[in-house]
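Here's the structure, in structure tokens; my notes come after.
Bear in mind that the values in this text are calculations on the coordinates, not laboratory data. Owing to the predicted nature of the structure, the values given are computational and were not obtained by experimental measurement. With ideal geometry, Cβ positions are generated from the backbone for all residues, glycine too; neighbour counts draw on all protein chains shown.
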Amino acid sequence: MNDDRSRVISAASDGACSGNPGPGGWGALIRFEDGTVKEFGGHEAQTTNNRMELQAVLEILNCLKNLPLHPNLTIRTDSKYLINGMNNWMQGWKRNGWRTSSGKPVLNQDLWQLLDRARLSNVALEFVKGHSGDPDNERVDQIAVSYSKGTYSELNSEQKLSPNKTIAGKRNLSATIASNKPGPETLQKLLTRLDMASHIAKNGYGLDLEELAELIETPISELKKQKKSWEWRDWLVEPIGNSRWRLKFLQQKTSHSEEVQNGRSI
């Protein structure tokens, strides 16, 4: 995301879960002074509604670190659990070694600790009642619910639009990545990335999550959900252990399939 434009003026987050625990999703958006909007969304196969609420605002905070912010910026949420945890409970948890006043381990401690490190002193949380007609709250709820159901939302990517724009379609991670068609002004950047991907695949280099996310311009939170091989453009992205990945040309995948069918191994 570019950081040389107008400031972020507002943000919103929400989480959803089918079954609680069960399949979950989170949705988030940020708005800029120039009228553009950036939306986020993610899915977890087995989680809770509270975890999705925390994950959504964590994604926003990590994004805001690299952007110019309006001094009155707040993150709007309908989660009192999130607000109370950040504003009222966290200091006590930390004093008690991340235990509650009754001595029990704090639930969702991993996310709370990430939020504690990611928090921005000049960005406050603002409560908004869910399903009360607030456009941004309704939109992030729509995104979160769609992800919780596995029907990934068509997210707006920094385009001017009405805050109550509806979801346009459904897609999985590979389809979402493949659909990011570049305009002429980004073509050179794309070619550089593709050349780099080709070089990485040719030499058999392994990539960690951060490196892979930068190469294919996909949030790390999305990549963490991938456990099996999947396709990106002309490559097969396959896990090699220890949260590392390797690129292979798709024709290598075809050759391997043909050899298996012929009873040969590689």
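Assorted remarks:
- Tensor-based shape of region 18-81 (alpha-carbon gyration tensor, a/c under 1.5 rounded, otherwise prolate or oblate): prolate
- Evaluating 6.51 cos²θ - 1.76 cosθ + 1.60 at θ = phi - 60° for every residue in region 61-72, the Karplus couplings come out as 4, 5, 6, 5, 4, 10, 10, x, 10, 6, x, 9 Hz, glycine and proline recorded as x.
- Per-residue ³J(HN,Hα) for region 18-26, Karplus 6.51 cos²θ - 1.76 cosθ + 1.60, θ = phi - 60°, Hz, x for Gly and Pro: 9, x, 6, x, x, x, x, x, 10
- Per-pair calculated FRET efficiency, R0 = 30 Å: E214 and D34 via Cβ, rounded to 0.05: 0.70
- The phi torsions of region 125-132, fed into the Karplus equation with coefficients 6.51, -1.76 and 1.60 and a -60° offset, translate into couplings of 8, 10, 7, 10, 5, x, 6, 9 Hz, rounded to whole numbers, with Gly and Pro shown as x.
- Cα-based Kirkwood hydrodynamic radius, region 48-143, one decimal, Å: 14.3 Å
- The distance between label points at R7 and Y81 comes to 3.3 nm (points 7 Å beyond Cα on the Cα→Cβ vector).
- q = 0.17 Å⁻¹, region 8-170: log10 I(q)/I(0) [Debye, one scatterer per Cα]: -0.99
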